[in-house]
Amino acid sequence: MSRRVDLEDLYRIAWPLDPALSPRGDKLAFVRSRPCAESDRLAYQLMAGEVGDREFRELGSQRTRHPSWSPSGSQLAFVREAQSGWQLATSESPTGGLNLGTASSNFDWLGDEFLFAVAEREGHTCGLKVSASELGAEAVQFDLAGFAPHIVSAAPSEDSVAIASTNTETEEGEVWLLELNDGTRRLLWSWRGPIYRLCWSPDGSRLGALVNPMAPGLWANHEIWVLDVDGDGHSQLGEGLDLSFGQAIRGDDERGLEPVKIDWVPESDAVYSVVSVDGRSGLGVFRIDGDYEVTFAEEGSILDFTVAQQSGDVVVSWSSPSSPGELSLLTDSHEQTITAVNAGWLESVALTPTQRIELDNGVQGWLTVPSDSASQSPLVVQVHGGPHFPIGERFSFDSQRFASYGLATLRSNPRGSQGYGAEFARAIIGDWGGADHDDVLSLTDVALRSGSVAGKPVAIIGESYGGYMANLAITKGNRYDVAVAENGVSDLVSIASGPRGESFWHPEMRGTPSENPALYSDRSPIEAVSKVASSVLLIHAEDDDNVPLTQSLMFYEALLEAGAEVSIETIPDEGHMINVFGKPSSRMARTEKLDAFLSAHLIPDEGVESNED
C-alpha cells in the first residue's frame, strides 16, 4: 500500500553522484549521497560493480567522492574524508592515502602506475606525482607558487598535465601545461573569465575548455573553446549557438550546482557537454565542424555523465518529476536504468504528477496539483534562486511533500533564467523585480485559471533570489496572502555596499547604488513595507555569507513597525546553501517551520504541526 510523502522522507531519498565508467565500459563506480540522521551529515558512499550485473557494492565506510578508473580499468582512485581534510586513495591502497587538504577533486591518472594531484604543503599549493600503489611514499613535487589551480587533466602521453588556474593578480583564467620530465611550465591560454573544466582530445593535440566570458559568470552562456596545444589556433566550439554549455537543471541536491564536466567523444572530432533547453537538460555532442545533436532522457533531465574512453559507452545521471534519479546506460536505441538507489522508496510512496504550463512569451512553469483532492487546492508559488539558474523537469521534494498536505505548487523559470538563450537570461540585468516579477504573476494567473487551484489563499515562497522575490511580491499588490522568504534580500542598497557588491550586485543592477539610486530604492522591499498585508515568515541561516542575516532582521523590524503579521526563524551554524549542504537536522528544522507555517495559513483546519516546542 503506497503512502504519502512526508518529512522523514528527507532521510530516505538518495542521489547518484560522480558516475565513472571504466575505459572498457564494463565497470561503473559512483557515489550514493543522502542525508544521514545518525551522523547528521550528508553521506557520500562509494559504490562500484559490473555494469552487466547491475549490482553495486559499497566500498569502505568513509565519506568518499570523485571516483576515477586507471587507463586499464584495473584500479580505482578516489578522495575520502580524513581528519586532516581530503585524502587521495586507491583500491590498491585501501588503508594508506595522500593528504590533499581542501583540494578534493584535483587529481588525475598518469598511466596505471602514477597519479598527479594538487595538494597543500607548508602553506602553499604544489603538484605531486605519486605512485598509485604507494601513496604514502615520497612524491615528486612541483612548485605551483602563484597559482590558484582548480582543475588538473593529464595528457594521454602521460608526460604533461594541463592545469586550469586563476591568476591571483589579474583574476583572469589561465591554462598552463606542466612538463613532468623537467618541471617546466608554459602558459597555453589566458581567458577573461572563469575556466570550469578541461578535457584532452584522444590524440593529445587539443584541449577542450569549458569557460564563461564574464567574471564571475552570471547570466552569460558558458562556452567551450578548443585549444591547440602546440600552436595558437584556439577556436570556440559551437560559436553562434545560443546555448549554455555545462548547464544542468537544478533541484534538491548538488547535481547542477556547478558547471558539468565536458569530455571528448572517443575517436572523434567532437565534445560531450550537458546543455539546458526549455526546462530540460540533455547530453549534447558538439562537433568541430559545427554540427551538433542533443539527447534527452526518456523522462526528466540529464544532470551528469561519464564516457568509457575505449568502448565509447555513456552512462548518465538523471532526475525526473517522478524520481529523484538513477544512473542509466545510453545506447543507440534506448536508455537502460542500471541502478536502483531509489527503487525501494519509490515503491513505498504515491507521487503526484506534474504538468508544464507556458506563457505566450515562452516563460515556463511546472504545476503539481494533488490528484486526490475533492476540492480546489490552495496554491504555493515557489521562486528559484540564482537568479539565473534554471529549474524544470526533475524531482522536487517540496512539491511532492506539499501535495501530501493538499497544497498545489507552481515552480517556474521567469525571465533571467538560463536555458532559454542569452537574451532571456540577461533580461533582468538592471531590472530585478521587473520582468521577472511580471512573469511570476502571470504564471500564477494561469495556474489559478486551471480550475484545480483555489483563488484564495495563495502563498509565495523562495530561497535567496527567490526569497527576494517573495519579499518584493508582497509589496506590489495583494495577490499573495502568505509569504515565506528564506535567506532573502530586503535592502538592495546595503547588500550592494557589502563585500559582493563589485563582483555580483553592481553588474546585476547595472551600476552602484549611487549610480542608479532610483532602481535600488524602487526594487528594495524594505522601502515599501507599509504596503504589506500578507502573513510573512522569514527564515535565515545565521552564518550566511552571500545574504547576511541582517537582511532578514532589518525586514522583520520594519514589518513589525508597519504593523504587519511577521515572524522570523534563524538557523544556527548554517550558511547560504543550507537547503543542499546543511546538516540534516538543520534542514529538517527549516522544513518543519516552513510546512507548519504554510499549512496553518493555507489549510488551517488540517495544519501540519511542528515537532519543535
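The values are calculated or read from the model by the stated rules, or taken from the named source; none is laboratory data. Quick caveat: nothing in here was measured; it's all calculated off a predicted structure. Glycine gets a Cβ as well: all are built from the backbone with ideal geometry, and neighbour counts include every protein chain shown. Accessible surface areas use protein heavy atoms only, side chains included; no ligands, DNA or RNA. Shrake-Rupley method; radii C 1.70, N 1.55, O 1.52, S 1.80 Å.
In region 485-498 there is no residue that is buried (at least 18 other Cβ atoms within 10 Å of the Cβ) and over 30 Å from the mean Cα position of the chain (by Cα). In region 442-469, the residue that is least open to solvent (accessible area, probe 1.4 Å) out of those that are out of contact with any strand residue (DSSP E or B) (no Cβ under 6 Å at 6 or more places or on another chain) and within 24 Å of S276 (Cα to Cα) is Y465.
N546 passes every criterion in (1) in contact with a helix residue (DSSP H, G or I) (Cβ under 7 Å, 6 or more places away or on another chain); (2) not in a helix (DSSP H, G or I) apart from (1). Within region 261-282, how many residues turn out to be open to solvent by less than 10 Å² (accessible area, probe 1.4 Å) and under 17 Å from Q418 (Cα atoms)? Adding up the residues that qualify gives 7. When the residues of region 158-201 are filtered to those that are modelled with pLDDT of 90 or more and of a type in the set (S, T, Y), which remaining residue is farthest from V260 (Cα to Cα)? Of everything passing the filter in region 158-201, T184 is farthest from V260 (Cα to Cα). Taking region 48-99, which residues are part of a strand (DSSP E or B) and among the aliphatic types (A, V, I, L, M)? Matches in region 48-99: A48, L76, A77, V79, A82, L88, A89, L98. Among the conditions (1) modelled with pLDDT under 95; (2) within 27 Å of G73 (Cβ to Cβ); (3) in a strand (DSSP E or B), V294 misses just one, which is (2).
Per-residue answers, yes or no, for (1) touching a helix residue (DSSP H, G or I) at 6+ places or on another chain (Cβ under 7 Å); (2) among the small types (G, A, S); (3) closer than 30 Å to G97 by Cα:
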site: S131; (1), (2), (3): no, yes, yes
site: Q141; (1), (2), (3): no, no, yes
site: S153; (1), (2), (3): no, yes, yes
site: V226; (1), (2), (3): no, no, no
site: L241; (1), (2), (3): no, no, no
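Taking region 214-228, which residues are among the hydrophobic types (A, V, I, L, M, F, W, C) and either closer than 30 Å to R41 by Cβ or modelled with pLDDT of 95 or more (or both)? Of everything in region 214-228, those that are among the hydrophobic types (A, V, I, L, M, F, W, C) and either closer than 30 Å to R41 by Cβ or modelled with pLDDT of 95 or more (or both) turn out to be I224, W225, V226, L227. Every listed requirement among (1) open to solvent by 30 Å² or more (accessible area, probe 1.4 Å); (2) touching a residue at least 60 places away in the same chain (Cβ under 8 Å); (3) closer than 26 Å to I428 by Cα is met by H601 save one, (3). Scanning region 215-240 for residues being in a loop (DSSP other than H, G, I, E, B), among the hydrophobic types (A, V, I, L, M, F, W, C) and touching a strand residue (DSSP E or B) at 6+ places or on another chain (Cβ under 7 Å) gives a total of 1.
Among the residues of region 1-29, those identified as hydroxyl-bearing (S, T, Y) and open to solvent by 10 Å² or more (accessible area, probe 1.4 Å) are S2, Y11. When G416 is tested against the conditions (1) within 27 Å of D18 (Cα to Cα); (2) at pLDDT 95 or above, the lone failure is (1). For region 539-565, residues that are farther than 19 Å from A589 by Cβ, open to solvent by 20 Å² or more (accessible area, probe 1.4 Å) and touching a strand residue (DSSP E or B) at 6+ places or on another chain (Cβ under 8 Å) total 2. Could you say whether any residue in region 237-255 is surrounded by fewer than 24 Cβ atoms within 10 Å (Cβ to Cβ), touching a residue at least 24 places away in the same chain (Cβ under 8 Å), of a type in the set (S, T, Y) and on the phi < 0 side of the Ramachandran plot? No, because not a single residue in region 237-255 is surrounded by fewer than 24 Cβ atoms within 10 Å (Cβ to Cβ), touching a residue at least 24 places away in the same chain (Cβ under 8 Å), of a type in the set (S, T, Y) and on the phi < 0 side of the Ramachandran plot. If you go through region 499-538 and keep only what is of a type in the set (A, V, I, L, M), open to solvent by 50 Å² or more (accessible area, probe 1.4 Å) and assigned to a helix (DSSP H, G or I), you end up with just A518. None of S61, S70 is in contact with a Gly (Cβ under 8 Å, 6 or more places away or on another chain) and hydroxyl-bearing (S, T, Y) except S70.
Looking at region 162-212 only, could you name the residues that are touching a residue at least 40 places away in the same chain (Cβ under 8 Å), open to solvent by 10 Å² or more (accessible area, probe 1.4 Å) and within 19 Å of S235 (Cα to Cα)? Scanning region 162-212 gives E172, L188, W189, Y196, R197, L198, W200, P202, D203, G204. Which of the residues spanning region 391-424 are of a type in the set (A, V, I, L, M, F, W, C), farther than 23 Å from D253 by Cβ and in a helix (DSSP H, G or I)? Hits for region 391-424 are A422, F424.
Do you know which residues across region 342-364 are open to solvent by 40 Å² or more (accessible area, probe 1.4 Å), more than 27 Å from L17 (Cβ to Cβ), part of a strand (DSSP E or B) and not polar (S, T, N, Q)? Scanning region 342-364 gives a single hit, E358.
Residue under question is R479, and the condition is that it be closer than 27 Å to K593 by Cβ, basic (K, R) and open to solvent by less than 30 Å² (accessible area, probe 1.4 Å); does it hold? Judged against the criteria, R479 is not a match.
Residues of region 566-575 that are open to solvent by less than 20 Å² (accessible area, probe 1.4 Å) and in a strand (DSSP E or B): I571 alone.
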